[in-house]
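S.K.: My questions will all concern the structure given below.
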Amino acid sequence: MSYVELSNLTKIYPTSKGPAVIVKDFNLRIAKGEFVTLIGHSGCGKSTVLSMLAGLNDITGGGIILAGKELDGPGPDRGVVFQSPCLLPWITAFENVMLGIDQVFYTAGKQERREIAEYYLTVVGLGDAMHKKPAQLSQGMRQRVGIARAFALHPKMLLLDEPFGMLDSLTRYELQQVLIQLWRKNKITALMVTHDVDEALFLSDRVVCMTNGPEAEVGEILDVNFQRPRERKAVMEHPDYYKLREHLITFLEERAHKPLPARTSNAGPLPAPAAPKQPEPSHASPSQTKRETVNA
Amino acid sequence: MAFLELKNVNKIFGPHFVLKDINLSIEKGEFVAIVGFSGAGKTTLINLIAGLLRPDSGTVTLNDLEITAPGPDRGIVFQNYSLLPWLSVYENIYLAVDQVFRNWAPAKKQQHAEKYIAMVNLSPAREKRPHELSGGMRQRVSVARALAMEPQILLLDEPLFALDALTRATLQDELSRIWDENKKTVVLITNDPDEGIYLADRIIPLTAGPSATLGPSFKVEIPRPRDRKAINHDPHFKEIRRDVIEFMLNSKHQRRPSITKRLVLPDIEPEDLRHPKPMAGRSLPKRRSEIKEETVEVE
C-alpha cells in the first residue's frame, strides 16, 4: 500500500441547477518521501483535491488514506502552506510559528519548543526578522514564515496550495530554493498545486496534469527524473528540461482554449464579459471571442 | 545620440540611493525590457522617464530634449490600470484623444478612438465601465488609451503582473502583435524574465536595491512572431533565460551580509493530538535519539 492513497475521490456541490460535479473519481498514489505536483487551470478543481486532503473540505465520495489511516478532518499531521500565509497580524512571526509547536510538542519543555521555532525560522532566512510582526515583513518574507510554520510541526505530509502564486517571478525562484532545501533535509511527502510550469519541474518527482472541470480527473502523469539534490542551473541545462516544459505548456494551452462552463469557472466578483451576449460582436474575430470567455 | 538616453542618473530618497549610475540608451523602434525584483526601483526608473520624477543628478533625454515634466509624447500603462471609473471604455480613450489632439474635428477624434478600441479587440465592450470588465480587459483599455495618444515612446510598468497566468499569456501575445503593427519604441518593466525575453529585442536586468543599477544588456535574437512553445527548442532562448535568471539571483545574494550561527534542532517527535492529553503528570516527548546540530548560513 502506498503512503498516501486518494481513491475515487469525488466532490459534488449542490446548486440550484442540480448537483455540480467538480472532481470525479480522482485516483492518485503517492509514495513516502515523494514530491508530487498537481497542475491545471484555475477552476479545474486542483485546489479542491488539496483542501479535501487537508481536511478543510468535506469529501463527497471516495476516500483518502495517509500512512495507513483514513483521514477524517484537519490535523497537524498535514502541514499546509497557503497562497497567502494567513499569519495572525497581532503577534510576531516567531509567535505565529510557536502557536502550532505549543500544540503539537506539548510534552516538550519550553526551551526545546523555542529551539524548534528558531531553527526553522533561521533556515528559511528569517534569522534577523523573526521577532517582527507580519505587517513589518514583505510578502516574500511572510511566505517564508508560512513555510517555516508548516515544516516546524514535522507533519507526515506537506500540502502546498499555489504557495508562491502571489510573489513576483524572481522572489518565487528564491523561495523555491528555500523550500527545496528544507524538503531535502526532511523528505516530507508533499503535494503541491500550481500553474507555474517551471516551479512544477524544478520541485517535483511527478507532475500530475488535471483535466478541466467539471468532473476533473487525472489527465496524464509526467515523471520528472532530474537528479537530486537539484540546482536550478543544472536542471535548466538538462536536455529534457525544455522538452518537458514545452509539453506542459502545450497541455495547459490546449486546455486554455476550451471555454470552461460557467458553473465551474471561478469568476471573481466581476460579471463575466461573455462576448456572445453582446449585440454586435462583429469586431472581434471568432477566436478572440472564445478567448475572452476564458479570461473572465 | 540615442532616441531615449539616461546618463549617470541617480535618484535618492531620504538617505538612500534608490537608483545609482543608471546609463541606458534606447534606439527608435526598439522594444526593451527591464527586469528586476519587487522594490528594486523599477517604477522609480519608469517615473524618471515619464517625467513624474526628476533625477537628483544625471540627465534623461528623449530626442535630445531633456525630460522635465510628464507629456503626451510618452504613453504610460500602469500596473493598476488607472482608468476613470465613471467613464466607459470609449469615453476613457476619447478623453485622452481629446486632450492630445485638441484641434481635430470631433468626428476624427471619434474615429481615432474607435480605431484603438478595435486594435485591442474591445469593440464589443466599448460602452462598459471599468468595473464591468475583467482585469485583462481593463489593461487592454489602458494600452489602447496610451497608444491612442500616438506617443513617441510607450512605457509599460508591470502591466500584466496583477493578472492570472493564462490571461497574462494572452495579453503578452496581444502586446507582441500590437508592437509588430506599430513598431513603437517600448520600455517594458517586468519582474518576469520570461515575459521580457518573449516580448523584447533587448532585456536588461536591474540589480536588487538599494543603489540599484542596470546590468549587462542581453540581445534577444529570436525571430518574430515568436511562439511560446517553439522557443523552448531555441538554444538562444535557453541561454538568455539562464543568464538573466542567474544574474538576477546573484545580484541579490551578493548584497547579503552572511553570518554563521549554530542551531540545535531538538529530536522530538510531534504528539498525536487525536489522543486525549494525559490528565495527571507530564509525559515526556518521544525522541529519535539523534541530535541534529548544524551550522546555518544566515542572511
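S.K.: Residue under question is B:Pro72, and the condition is that it be in a loop (DSSP other than H, G, I, E, B), more than 14 Å from chain A (Cβ to nearest Cβ) and open to solvent by less than 10 Å² (accessible area, probe 1.4 Å); does it hold? Steps first, answer last, please.
M.R.: Numbers: in a loop (DSSP other than H, G, I, E, B): yes; more than 14 Å from chain A (Cβ to nearest Cβ): yes; open to solvent by less than 10 Å² (accessible area, probe 1.4 Å): no.
Against the criterion (in a loop (DSSP other than H, G, I, E, B), more than 14 Å from chain A (Cβ to nearest Cβ) and open to solvent by less than 10 Å² (accessible area, probe 1.4 Å)), B:Pro72 does not qualify.
S.K.: What are the pairs with Cβ atoms under 7 angstrom where one residue, in the range A:60-80, is more than 22 Å from A:Gly45 (Cα to Cα) and modelled with pLDDT of 90 or more and the other, located anywhere, is open to solvent by 30 Å² or more (accessible area, probe 1.4 Å) and not in a loop (DSSP other than H, G, I, E, B)? Sequence gap at least six, or different chains.
M.R.: Here the result reads A:Pro76/A:Gln103, each pair linking the range A:60-80 to a residue that is open to solvent by 30 Å² or more (accessible area, probe 1.4 Å) and not in a loop (DSSP other than H, G, I, E, B).
S.K.: Do we find a residue being of a type outside the set (D, E, K, R), outside any helix (DSSP H, G or I) and closer than 21 Å to A:Val235 by Cβ anywhere in the range B:162-185?
M.R.: No - not one qualifying residue is present in the range B:162-185.
S.K.: Okay, next question. If you scan the range B:40-69, which residues turn out to be surrounded by 18 or more Cβ atoms within 10 Å (Cβ to Cβ) and either in a helix (DSSP H, G or I) or in contact (Cβ under 8 Å) with a residue 60 or more places away in the chain (or both)?
M.R.: If the condition is that a residue be surrounded by 18 or more Cβ atoms within 10 Å (Cβ to Cβ) and either in a helix (DSSP H, G or I) or in contact (Cβ under 8 Å) with a residue 60 or more places away in the chain (or both), then B:Ala40, B:Gly41, B:Lys42, B:Thr43, B:Thr44, B:Leu45, B:Ile46, B:Asn47, B:Leu48, B:Ile49, B:Ala50, B:Leu62 are the ones that fit.
S.K.: If you don't mind, another one. Out of the residues in the range A:212-227 meeting the condition of being open to solvent by 20 Å² or more (accessible area, probe 1.4 Å), assigned to a loop (DSSP other than H, G, I, E, B) and more than 14 Å from every other protein chain (Cβ to nearest Cβ), tell me which one is nearest to A:Glu34 (Cα to Cα).
M.R.: Going through the qualifying residues, I end up with A:Asn225.
S.K.: Whether any residue in the range B:140-160 is over 25 Å from B:Leu45 (Cα atoms) and either crowded, with 23+ Cβ neighbours inside 10 Å or at the interface with chain A (Cβ under 9 Å from one of its Cβ atoms) (or both) is what I want to check.
M.R.: Within the range B:140-160, the subset over 25 Å from B:Leu45 (Cα atoms) is none.
There is no residue in the range B:140-160 that is over 25 Å from B:Leu45 (Cα atoms) and either crowded, with 23+ Cβ neighbours inside 10 Å or at the interface with chain A (Cβ under 9 Å from one of its Cβ atoms) (or both).
Table: residues versus (1) open to solvent by 10 Å² or more (accessible area, probe 1.4 Å); (2) away from every other protein chain (no Cβ under 11 Å); (3) of a type in the set (Phe, Trp, Tyr).
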residue: A:Val123; (1), (2), (3): yes, no, no
residue: A:Ser138; (1), (2), (3): yes, no, no
residue: A:Asp161; (1), (2), (3): yes, yes, no
residue: A:Gln177; (1), (2), (3): yes, no, no
residue: A:Trp183; (1), (2), (3): no, yes, yes
residue: A:Thr189; (1), (2), (3): no, yes, no
residue: A:Thr194; (1), (2), (3): no, no, no
residue: A:Met210; (1), (2), (3): no, yes, no
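S.K.: I need the strands (runs of 3 or more DSSP E) fully contained in the range A:1-66, keeping only those with at least 3 residues that are surrounded by fewer than 23 Cβ atoms within 10 Å (Cβ to Cβ).
M.R.: The strands (runs of 3 or more DSSP E) meeting that bar are A:4-15, A:18-30, A:61-66.
S.K.: Next question, about the same structure. Of everything in the range A:61-99, what is under 16 Å from A:Tyr3 (Cβ atoms) and in contact with a strand residue (DSSP E or B) (Cβ under 6 Å, 6 or more places away or on another chain)? Give them in sequence order.
M.R.: Residues satisfying the conditions are A:Gly63, A:Ile64, A:Ile65, A:Leu66, A:Glu70, A:Leu71, A:Arg78, A:Gly79.
S.K.: Moving on to the next point. Inspect the range A:84-107 for any residue being among the β-branched types (Val, Ile, Thr), in contact with a Pro (Cβ under 7 Å, 6 or more places away or on another chain) and within 11 Å of chain B (Cβ to nearest Cβ) and give the result as yes or no. Even if it seems obvious, please write down each step before you answer.
M.R.: Restricting attention to the range A:84-107, the residues satisfying the condition of being among the β-branched types (Val, Ile, Thr) are A:91-92, A:97, A:101, A:104, A:107.
Among the residues that remain, those that are also in contact with a Pro (Cβ under 7 Å, 6 or more places away or on another chain) are: A:104, A:107.
Those still in the list that are within 11 Å of chain B (Cβ to nearest Cβ) too: A:104, A:107.
There is at least one residue in the range A:84-107 that is among the β-branched types (Val, Ile, Thr), in contact with a Pro (Cβ under 7 Å, 6 or more places away or on another chain) and within 11 Å of chain B (Cβ to nearest Cβ).
Residue-by-condition table, conditions (1) crowded, with 16+ Cβ neighbours inside 10 Å; (2) modelled with pLDDT of 80 or more:
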residue: B:Ala200; (1), (2): yes, yes
residue: B:Ala212; (1), (2): yes, yes
residue: B:Glu221; (1), (2): no, yes
residue: B:Arg224; (1), (2): no, yes
residue: B:Asn250; (1), (2): no, yes
residue: B:Ser258; (1), (2): no, no
residue: B:Pro266; (1), (2): yes, yes
residue: B:Arg282; (1), (2): no, no
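The values are calculated or read from the model by the stated rules, or taken from the named source; none is laboratory data. Since the model is a prediction, treat every value here as computed from it, not as a measurement. Cβ atoms come from the backbone with ideal geometry, glycine included; neighbour counts cover every protein chain shown. Heads up: the accessible areas ignore ligands, DNA and RNA and are worked out on the full protein's heavy atoms, side chains in. Shrake-Rupley method; radii C 1.70, N 1.55, O 1.52, S 1.80 Å.
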